[in-house]
Amino acid sequence: DGGITQSPKYLFRKEGQNVTLSCEQNLNHDAMYWYRQDPGQGLRLIYYSQIVNDFQKGDIAEGYSVSREKKESFPLTVTSAQKNPTAFYLCASSIYNEQFFGPGTRLTVL
Amino acid sequence: GNSVTQMEGPVTLSEEAFLTINCTYTATGYPSLFWYVQYPGEGLQLLLKATKADDKGSNKGFEATYRKETTSFHLEKGSVQVSDSAVYFCALSEPPRSGSARQLTFGSGTQLTVLP
């Protein structure tokens, strides 16, 4: 079955540690995205990538980094520079004007 | 810039009630419009979409009509079920500049709870 997988589903980290969230898709989509969702709020774009080896900052890129070495994979690193990293993180990929979302990773920083 | 405004929740209805969730937008061009649904602890699923004025998107008993004159895309369902309890997001997407990926602009979401 085609789709987007994110792992892990839940992630706990100590303050000051970097952490990497995985996102893999087998839909053969060129574009991929990372969003952050906070309780009671909409989604805010962190980074997006149109093609392999290229990515662009979204609205809230500070404290995050990404790579796009393969078409299928778009990992997100939450660095210690991110002031308030506890949130629900969603990965998406798109074809034409429709985005498909993964199940999300809930990150809690203790 | 683009923006999407949704009616604030939470919305609580009894089973079989009529549902309307209002959504209005601001865009510089001719956007495509979407409704996504998010069940607890999950990602977003596309519920329906419309790509041009007067288009009606429909799925699972939900409908929304792209109204350019009122810049609206209100979500409706004639008879809600307990299983419709979720958060609903309105979103728009405009054609990107050359070389850029198409981006979605989301509303803040509306929590719907349907009671038996």
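The values are calculated or read from the model by the stated rules, or taken from the named source; none is laboratory data. Since this is a predicted model, take the numbers as computed values, not measurements. When we count neighbours, we look across all protein chains shown, and the Cβ atoms used for this are built from the backbone with ideal geometry, even at glycine. What goes into the accessible areas is simple: the full protein's heavy atoms, side chains included, and nothing from ligands, DNA or RNA. Shrake-Rupley method; radii C 1.70, N 1.55, O 1.52, S 1.80 Å.
What does the charge count around A:Pro103 come to, taking other residues whose C-beta lies under 13 Å from its C-beta (Lys +1, Arg +1, Asp -1, Glu -1)? List each step's numbers first, then the result.
Numbers: positive: A:Lys9, A:Arg106; negative: A:Glu24, B:Glu42.
Result for the local shell: 0.
In this model, which of B:Lys49/B:Lys77; A:Lys57/A:Lys83; B:Lys52/B:Lys77; A:Lys9/A:Lys70; A:Lys9/B:Lys56; A:Lys14/A:Lys71 are farther than 26 Å apart at the alpha-carbon? Could the numbers behind the result be given before it?
On the way: B:Lys49/B:Lys77 15 Å; A:Lys57/A:Lys83 17 Å; B:Lys52/B:Lys77 21 Å; A:Lys9/A:Lys70 22 Å; A:Lys9/B:Lys56 35 Å; A:Lys14/A:Lys71 31 Å.
Result: A:Lys9/B:Lys56; A:Lys14/A:Lys71 exceed 26 Å.
How many angstrom lie between the Cα centre of the range B:48-95 and the Cα centre of the range A:1-53?
26 Å
Looking at the calculated P(r) for the range B:48-87, what percent of the C-alpha pair distances fall above 10 Å?
Details: 550 of 780 pairs.
It works out to 71 percent of all Cα pairs.
Counting other Cβ atoms within 10 Å, which GluC sites (Glu not before Pro) in the range B:33-93 have at most 13 and lie in a DSSP loop? Mind dumping the intermediate values first?
Details: sites: B:Glu42, B:Glu63, B:Glu69, B:Glu76; in loops: B:Glu42, B:Glu69.
Counting only loop positions with at most 13 other Cβ atoms within 10 Å, the GluC sites (Glu not before Pro) in the range B:33-93 are B:Glu69.
Please give the net charge around B:Ala17, taking every other residue with its beta carbon less than 12 angstrom from that of B:Ala17, where Lys and Arg add +1 and Asp and Glu add -1.
Working: positive: B:Lys77; negative: B:Glu15, B:Glu16, B:Glu76, B:Asp84.
Surrounding charge for B:Ala17 is -3.
With every protein chain present, what is the per residue accessible area of chain A (1.4 Å probe, Å²)? Could you put the intermediate results ahead of the total?
Values: 5570 Å² over 110 residues.
Ligands and nucleic acids excluded, the figure is 51 Å² per residue.
Which GluC sites (Glu not before Pro) in the range A:1-83 pass both tests, a DSSP loop state and at most 12 other beta-carbon atoms within 10 Å?
Working: sites: A:Glu15, A:Glu24, A:Glu62, A:Glu69, A:Glu72; in loops: A:Glu15, A:Glu62, A:Glu69, A:Glu72.
The qualifying sites are A:Glu15, A:Glu62, A:Glu69.
Using each residue's phi in the range B:55-70, evaluate 6.51 cos²θ - 1.76 cosθ + 1.60 at θ = phi - 60° and report the 3J(HN,Hα) Karplus result to the nearest Hz, with x for Gly and Pro.
Computed from phi, the couplings for the range B:55-70 are 5, 10, x, 8, 5, 6, x, 8, 9, 8, 10, 6, 10, 6, 5, 10 Hz.
With springs connecting C-alpha atoms under 10 Å apart, model chain B as a Gaussian network and identify which of B:Thr70, B:Thr12, B:Thr26 has the largest mean-square fluctuation.
Comparing B:Thr70, B:Thr12, B:Thr26 in a Gaussian network model of chain B, the most mobile one is B:Thr70.
Could you give the size of the charge dipole of chain B about its Cα centre, using +1 on the Cβ of each K and R and -1 on the Cβ of each D and E, expressed in debye and rounded to the nearest 20?
Details: 9 positive and 11 negative charges, 95 e Å.
The dipole magnitude comes to about 460 debye.
Give me Rg/Rg_expected for the protein assembly as shown, where Rg uses Cα atoms only and Rg_expected = 2.2 N^0.38 Å with N residues. Before the final figure, lay out the partial values.
Details: Rg = 17.6 Å, N = 226, 2.2 N^0.38 = 17.3 Å.
With N residues counted in the protein assembly as shown, Rg over 2.2 N^0.38 Å equals 1.02.
What list of ³J(HN,Hα) couplings, whole Hz, do you get for the range A:96-104 from phi and the Karplus terms 6.51, -1.76, 1.60, once you set θ to phi - 60° and write x for glycine and proline?
Along the range A:96-104, the couplings run 6, 10, 10, 9, 10, 10, x, x, x Hz.
Whenever you get a sec, line up A:Lys14, A:Lys83, B:Lys52, B:Lys68 from highest to lowest accessible area (probe 1.4 Å, protein heavy atoms).
Working: A:Lys14 140, A:Lys83 180, B:Lys52 120, B:Lys68 90 Å².
From most accessible down to least: A:Lys83, A:Lys14, B:Lys52, B:Lys68.
Compare A:Arg36, A:Arg13, A:Arg44 in a GNM of chain A, Cα atoms joined below 10 Å, and give the one with the largest fluctuation.
A:Arg13
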